[in-house]
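Below is one structure; the comments refer to it alone.
No lab work stands behind these numbers, since they all come straight from the coordinates. Since this is a predicted model, take the numbers as computed values, not measurements. Virtual Cβ from ideal backbone geometry, glycine too; neighbours counted across all protein chains shown.
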């Protein structure tokens, strides 16, 4: 299909900047608009920047002016957990406004970055989560809850507006050369924290693999909901071994009590719910991404982790 005219919300962000580069280089994309509250650090030739706050601006008018037929919706709070009300405005209310704007402007396809967190952190999660498993989120984790709410809105829109095609990606932990987040922060100290009796498995995906999947979704890929993660997983013990750092396995109840006291004393932003975050990691199977969507990540989870360490040489101990 030729002549795609794409708009990327959050186009100046870590992932968005890679997506606009990929779209701009694709021969079947005629126009790319990077919509964000910030200007991109680098803007490829032919990419138009549009100042856009998805919580307040006229998104439908923007889509109409640029004759957009595909929207890649990436606008979200990068570092969740600091201002829950703002996160809700951007992640949930902002997504609602983008969906409505796509319907109003007659956009043909909407591509959305969801998260494996939408499944939630639950003790009865299967060892490998697939797209047919329920999206339950967790009320204790605003980010997880917000992703569930957005996916519920998207499901409603698929019923009410079948003319708006959807590709929804439930993405694992994204790693890249400049990534710093609450996951990577777990690896920066002299030891790793584990929960006794839990392997705390992680699935990783390299940022360029996510951008490549987004490009396929915005051009000639099939519609649907897909997990996006590198093949395989790494347990906290495997991560500790690769980093050359000990894993201290703490009983869940002891850690909950310590975190509850630490937050009460303003020593940490984390509360006892963090135990569930570490204990019941959602592990994403990528079978459907490979088989049905037609994209195989170039890096496995382990390879993405190695690439992260190569880009951050101070994280692992030497020798």
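Our note on the geometry: Cα centres of segment 58-91 and segment 204-273, 24 Å apart.
Residue exposure proxy: 121, 88, ordered by other Cβ atoms within 10 angstrom of their Cβ from fewest to most, comes out as 88, 121.
Altogether, the Stokes-Einstein calculation at 20 °C and 1.002 mPa s, with the Kirkwood radius of segment 1-153 over Cα pairs as Rh, returns a diffusion coefficient of 133 µm²/s. In segment 280-319, the convex hull through the Cα atoms has an average projected area of 4.3 nm², a quarter of its surface area.
Against the chain, whose longest principal axis comes from its Cα atoms, helix 94-105 is set at around 20 degrees. Restricting attention to segment 143-241, close to 10% of DSSP beta bridges with both partner residues there are antiparallel. For segment 1-50 versus segment 132-197, the spacing of their alpha-carbon centroids is 23 Å.
Each 10 Å bin from 0 upward holds the following percent of the Cα-Cα pairs of segment 162-319: 10, 34, 31, 18, 6, 0.
Contact order, relative form, for segment 146-258: 36 percent (alpha carbon pairs under 8 Å, 6 or more residues apart, mean separation divided by residue count). For segment 122-240, the share of alpha carbon pairs falling in successive 5 Å distance bins from zero is 2, 8, 15, 19, 22, 16, 9, 5, 2, 1, 0 percent. Average 1/r across all pairs of distinct alpha carbons in segment 23-111, invert it, and you get the Kirkwood radius: 13.9 Å.
Structural descriptor for segment 71-160: relative contact order 32 percent, calculated from alpha carbon pairs under 8 angstrom and at least 6 residues apart. Between residue 45 and residue 161, residue separation times 0.36 nm minus the direct Cα-Cα distance comes to 38.3 nm.
Going from the fewest other Cβ atoms within 10 Å to the most, the residues 124, 156 appear in the order 124, 156.
Shape index of segment 75-186: Rg/Rh, with Rg the Cα radius of gyration and Rh the Kirkwood radius from the inverse mean 1/r over Cα pairs, equals 0.98. Put in line by how crowded their Cβ is, counting other Cβ atoms within 10 Å and starting with the fewest, 128, 187 read 128, 187.
For the chain, the share of DSSP beta bridges that are antiparallel, to the nearest 5, is 0%. Ratio of Rg to Rh for segment 195-239, alpha carbon only, Kirkwood? My calculation puts Rg/Rh at 1.16. Mind checking the log10 I(q)/I(0) for segment 238-319 at q = 0.23, 0.24 Å⁻¹? Debye, one equal scatterer per Cα, no solvent, two decimals. Each listed q maps to, in turn, -1.07, -1.08.
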